[in-house]
Amino acid sequence: MTVAGVRFRNPVLLASGILDETGASMRRVWELGAGGVVTKSVGLEPRAGHPNPTVVEVGCGLLNAMGLPNPGFEEYRREVEEAVSAGAPVVLSIFGSSPEEFARLAEMAAGLGVVALELNMSCPHASGYGLEVGSDPAMVEEVVRAVRGVSGLPVFVKLSPHLSDLRPFVSAVESAGGDGFVAINTLRGMAIDVETGFPVLGNRVGGYSGPGIKPVGVRFVYELRRLSHLPVVGVGGVLTGRDALEYMMAGASLVQVGTAVYYRGPGAPGMVAEEMGELLDRLGYGGVGEVVGLAHRRGGEGAGGVLSDAGESGGGGV
């Protein structure tokens, strides 16, 4: 599967944020059948992240408030190098508070052997980073332009599901020379211990992931596909091959698997890829390429109450 000039073994990748803290764990997921791996999000300087508890299982998924903990780029470099040495296509996820920080990280990534950059502009629980940067289309354009100015690697922008109108963000990424989108990141959520009345997470508010967010992600990918010619990577609630195929039909060229690793183990991406292949065979398709964007060809504009224009709905919408 080739996307933005990058060849992946199959279209199911490990998502950023789970089992990608070390080169050994990324290598293991690759050996178990993933099409590629995305690193944890890394910044210029070390970050401790939020205090515990940082993760709790809730209905239909997980709630986490990690706070972008990482050892800083220079320390994390060796983990990336180990994953690359295993032969895995490695996408480097980076975050920053300014275009200059993103550009510096992109420069530092030169020679690492990673195949693409994923710009985390959507983390919902890290002050000064993520969504706080990625909620302004002008800032998004500045960041992508800055990264594009110093790096020849494909640049994918990871967007938040909390964006109400995608059009200015699509325009920003396209104008700045971005190569694609990743959608979606987690949704803001909260859990409270009813026995004590205390918020469960140390940060109180976290990001909700897992099967419960899949309909939001599928809708988001569908909209991006209608608005842009750039490839889209679908992520959010992919537990099975059927889930992955749904994202592909919405318009995703690749999918990422994260919370499924919690439920199915480190082999989850490979399992999802195998299941999707079996389902494609059973349904009579010759390959993934035949189904990417199929819902657009089958459903038509505005059919069945889906969004007839970005941010407008014929049947209630999300």
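Could you compute how fast the range 2-293 diffuses translationally, taking Rh as the Kirkwood radius over C-alpha pairs and applying Stokes-Einstein at 37 °C with viscosity 0.692 mPa s? Give it in µm² per second. Mind dumping the intermediate values first?
On the way: Rh = 18.7 Å.
Rounded to a whole number, D works out at 176 µm²/s.
What base-10 log of the normalised intensity I(q)/I(0) is obtained for the range 251-299 from the Debye formula, alpha carbons as equal point scatterers, at q = 0.22, 0.26, 0.28, 0.32 Å⁻¹?
Values returned for q = 0.22, 0.26, 0.28, 0.32 Å⁻¹ are -0.86, -1.00, -1.05, -1.14.
Inverting the mean 1/r over all pairs of different Cα atoms, compute the Kirkwood radius of the range 174-215 and quote it in Å.
13.0
Under 5 Å between amide hydrogens, which residues at least 5 positions from residue 187 or on another chain qualify, with H placed 1.01 Å from N in the peptide plane?
208
With the cut-off at 26 Å, report for the range 102-253 the share of all Cα pairs above it, as a whole percent.
Values: 3412 of 11476 pairs.
Roughly 30 percent, once rounded to a whole number.
For the chain, build the charge dipole from Cβ charges (+1 Lys, Arg; -1 Asp, Glu) around the Cα centre, then report which of 60, 159, 137 sits farthest towards its positive end.
Most positive-ward Cα: 60.
Can you give the Rg to Rh ratio for the range 1-116, taking only C-alpha atoms and Rh from Kirkwood? Present the calculation step by step, with values, prior to reporting the outcome.
Details: Rg = 14.6 Å, Rh = 14.9 Å.
Computed over Cα atoms, the ratio is 0.98.
Tabulate in residue order the Karplus-calculated ³J(HN,Hα) for the range 144-154, using 6.51 cos²θ - 1.76 cosθ + 1.60 with θ = phi - 60°, rounded to whole Hz; enter x for Gly and Pro.
4, 5, 5, 5, 4, x, 10, 9, x, 6, x
Using modelled backbone amide H atoms (1.01 Å from N, in-plane), which distant-in-sequence or interchain residues come within less than 5 Å of residue 116's amide H?
Amide H to amide H, under 5 Å and 5 or more residues apart or across chains, residue 116 pairs with 92.
When a/c reaches 1.5 or more, the comparison of a/b and b/c decides; with that in mind, is the range 27-76 rounded, prolate or oblate per its Cα gyration tensor?
Working: a/c = 3.02, a/b = 1.04, b/c = 2.92.
Note, shape of the range 27-76 comes out oblate.
Assign unit charges at the C-beta atoms only (+1 for Lys and Arg, -1 for Asp and Glu), then state the dipole size of the chain relative to its Cα centre in Debye, rounded to the nearest 20. The partial results should precede the final answer.
Working: 24 positive and 34 negative charges, 91 e Å.
Dipole of the chain, to the nearest 20 debye: 440 debye.
List the extent of the Cα atoms of the range 166-286 along each of their three principal axes, largest first, rounded to whole Å.
54, 39, 20
So what J values fall out for the range 71-78 if you push phi through Karplus, 6.51 cos²θ - 1.76 cosθ + 1.60 with θ = phi - 60°, rounded to Hz, Gly and Pro as x?
x, x, 4, 4, 6, 6, 3, 5
Could you work out how much longer the chain between residue 205 and residue 278 gets when fully extended? Use 0.36 nm per residue separation minus the Cα distance between them, nm to one decimal.
Values: separation 73, 0.36 × 73 = 26.28 nm, distance 3.90 nm.
Extra length available between residue 205 and residue 278 comes to 22.4 nm.
Every number in this text was worked out from the coordinates using simple rules, so none of it is lab data. Fair warning: this is a prediction, and the values are worked out from it, not measured in the lab. Because the Cβ atoms are built from the backbone with ideal geometry, glycine has one as well, and the counts that use them run over all protein chains shown.
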